[in-house]
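Step one of this worksheet: look at the structure below.
The values are calculated or read from the model by the stated rules, or taken from the named source; none is laboratory data. All values derive from a computational prediction rather than experimental measurement. All Cβ positions, glycine included, derive from the backbone under ideal geometry; neighbour counts span all protein chains shown.
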Amino acid sequence: MAACCAGRLPDPAPRVHPSVSASLVRVGIVTTFSADRSYAESLDAADPLAAFRDRFVRHDPELIYLDGNSLGPLPARTQARIAGVIDREWGEDLVRSWGHWMSTPRQAGDMLAEHLLGSAPGQVLVCDSVTVNLCKLAWSMLDARQGRDVIITDDDNFPTDRYVLEGIAAQRGCELRLLPADMDEGVSAEVLAEALDDRTALVSLSHVAYRSGALADMAALTDLVHRSGALTLWDLSHSVGAVPVELDASGADAAVGCTYKYVNAGPGAPAFLYVREDLLPQLRQPIWGWFGQQNQFEMGPRYHPAAGIDAFATGTPQIIGAVAVEEGARLLGEAGLDRLRAKSIQLTSYLISLADEWLAPLGFALASPRADARRGGHVSLRHPDAWRISQALLRAKVIGDYRTPDRLRLGPAALYVRFTDVWDAMQQVREITAEKSYADIPAEQSRVT
């Protein structure tokens, strides 16, 4: 992050808690930044991605949205594309549109592969949900490792991943090994190595941890698993569109991921799955639906799987969601993942530095990796009253979210979040916490956090 000149800077805003200083802050050993808002303004002025902010639908210019790691906002082009699908392709052309709709899940998958996943064409399919895709892949990958009966994941993996694997293990009589993960730092290679043996069939991990944002070394962990003779199944839900993913280069066997976070495809948008090309002939997925059938409109009496990645299709695809995936991947591809990652590191580093200066004296602690290379696109901060503070932030038009047991989770997505948004949001956190203006909010959590 760029350095700025030394010297005492004016207080950044009124009603500042007396324990907070707006002077220069030292980050690490040599890098300095200013806690004054003018520094954030200078970063925004130099931001090569600034114009992409105007490519999204925004109804409230005062709203600060730091929850794109949970649900991305609506791109304007996606809104127009969906309107065209509804009005013209469905409204006018009716069933005739299936002539080109049939190829949409594969096309959307290839766009994800090209722009976001580091994959050659023909290995990614947009379909179903993460839960269903995880089940399809895990089941078929266990079949491909006959004689092995151990599944490995970690105890802090996203709940649906753990639940699906627990269910499969119970149905198949397998042993499920839960690795002890550091809630803030993720799974270590040493812990994984100790758990691997010649009984291990499948290791399923998240590329970016949902709670802390800890970023795993996909290539190194995949190599470790392969040396034991097992297969890897990665969950990319919190990494696709936020960090570079190199599925082919890493040697990953299979992967799943959602598209409603950083891909901005909307609530309930279909997920995707990836299978490495040379592994495809070895896998036979367990849900035999007619969209995964060869010559589907022959309506044959028996199931014969389609060739390649199309065999992992099941029922009728969600076309409106799939075209939203296409548009989301196209927009991210236009911005460029390298540029997005560079800005994301700047944003999260800036957020952490402000937290160190402003929030640590108020009882906050960093609950994400501090090293840039070990952190995805979001940051978690621990505080005993994190839930109530998150709800008070909503009243102040700052949207982040909360994760158990005591995490305020903030996701400054690089495509549309400004440095001044981060500054303003952290200023709100500081004021709310210092003044305890969350005191009237019940400690009981709502269904959605």
| remark: Filtering the stretch 391-404 for residues that are touching a strand residue (DSSP E or B) at 6+ places or on another chain (Cβ under 9 Å), of a type outside the set (A, V, I, L, M, F, W, C) and either within 12 Å of Ile64 (Cα to Cα) or not in a helix (DSSP H, G or I) (or both) leaves a count of 5
| Would you pick out the residues in the stretch 150-174 that are touching a residue at least 40 places away in the same chain (Cβ under 8 Å) and surrounded by fewer than 16 Cβ atoms within 10 Å (Cβ to Cβ)? | none
| query | Among the residues of the stretch 168-222, which ones are of a type in the set (S, T, N, Q) and in a helix (DSSP H, G or I)? | reply | Gln171, Thr222
| Evaluation of Leu165 against (1) in a loop (DSSP other than H, G, I, E, B); (2) over 22 Å from Ala265 (Cβ atoms) (one fails), failing number | (1)
| remark: Reported set for the stretch 336-390 where residues are over 30 Å from His115 (Cβ atoms) and outside any helix (DSSP H, G or I) is Gly363, Phe364, Ala365, Leu366, Ala367, Leu381, Arg382, His383, Pro384, Asp385
| In the list Arg388, Arg382, which residue meets the criterion of being farther than 26 Å from Met218 by Cα, basic (Lys, Arg) and touching a Lys or Arg at 6+ places or on another chain (Cβ under 8 Å)? | Arg382
| query | Within the stretch 137-160, is there a residue that is touching a Pro at 6+ places or on another chain (Cβ under 8 Å), assigned to a helix (DSSP H, G or I) and either outside the structural domain of Arg370 (by TED's automatic domain parsing) or closer than 15 Å to Ser237 by Cβ (or both)? | reply | yes
| field | Near pairs, Cβ below 9 angstrom, 6+ apart or cross-chain, from the stretch 332-358 (within 18 Å of Pro244 (Cα to Cα)) to any residue that is among the polar types (S, T, N, Q) and not in a helix (DSSP H, G or I) | value | Leu332/Asn264; Thr348/Ser368; Ser349/Thr31
| Odd one out for Arg284 among (1) farther than 17 Å from Leu117 by Cα; (2) among the basic types (Lys, Arg); (3) under 22 Å from the mean Cα position of the chain (by Cα) | (3)
| request: For the stretch 227-236, state whether one or more residues are out of contact with any His (no Cβ under 8 Å at 6 or more places or on another chain) and aromatic (Phe, Trp, Tyr). | output: no
| query | Do you know which residues across the stretch 96-136 are over 30 Å from Gly173 (Cα atoms), assigned to a helix (DSSP H, G or I) and in contact with a strand residue (DSSP E or B) (Cβ under 7 Å, 6 or more places away or on another chain)? | reply | Pro105, Arg106, Ala108, Gly109, Asp110, Leu112, Ala113, Leu117
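To keep it simple, each residue is scored yes or no on (1) more than 18 Å from the chain's Cα centre (by Cα); (2) closer than 19 Å to Gln318 by Cβ.
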| position | (1), (2) |
| --- | --- |
| Ile82 | yes, yes |
| Trp101 | yes, yes |
| Thr104 | yes, yes |
| Gly118 | no, no |
| Pro121 | yes, no |
| Asn133 | no, yes |
| Arg148 | yes, no |
| query | With Gly315, Gly321, Gly241, Gly266 as the choices, which residue is within 20 Å of Asp110 (Cα to Cα) and assigned to a helix (DSSP H, G or I)? | reply | Gly321
| remark: Picked from the stretch 292-312 (must be of a type outside the set (Gly, Ala, Ser) and crowded, with 17+ Cβ neighbours inside 10 Å), the residue farthest from Gly109 (Cα to Cα) is Gln293
| task | Could you check Arg302 against (1) out of contact with any strand residue (DSSP E or B) (no Cβ under 7 Å at 6 or more places or on another chain); (2) in a helix (DSSP H, G or I) and say which number it fails? | result | (2)
| Quick one: what pairs do we get from the stretch 280-300, first residue assigned by TED's automatic domain parsing to the domain that holds Cys135, second loosely packed, with under 13 Cβ neighbours inside 10 Å and β-branched (Val, Ile, Thr), C-beta under 8 Å, 6+ apart or different chains? | Phe291/Thr316
| remark: Of the listed residues (Ser204, Ser239, Ser250), the one being surrounded by fewer than 24 Cβ atoms within 10 Å (Cβ to Cβ), of a type in the set (S, T, N, Q), at pLDDT 95 or above and not assigned by TED's automatic domain parsing to the domain that holds Ala371 is Ser250
| Filter result (crowded, with 17+ Cβ neighbours inside 10 Å and of a type outside the set (Gly, Ala, Ser)) within the stretch 134-148 | Leu134, Cys135, Lys136, Leu137, Trp139, Met141, Leu142, Arg145, Arg148
| request: Give just the number: which of (1) in contact with a His (Cβ under 9 Å, 6 or more places away or on another chain); (2) farther than 18 Å from Leu66 by Cα; (3) of a type outside the set (S, T, N, Q); (4) surrounded by fewer than 19 Cβ atoms within 10 Å (Cβ to Cβ) does Lys436 not satisfy? | output: (1)
| message | Please go through the stretch 376-385 and give me each residue that is surrounded by fewer than 24 Cβ atoms within 10 Å (Cβ to Cβ) and under 22 Å from the mean Cα position of the chain (by Cα), ordered by number. | response | Arg382
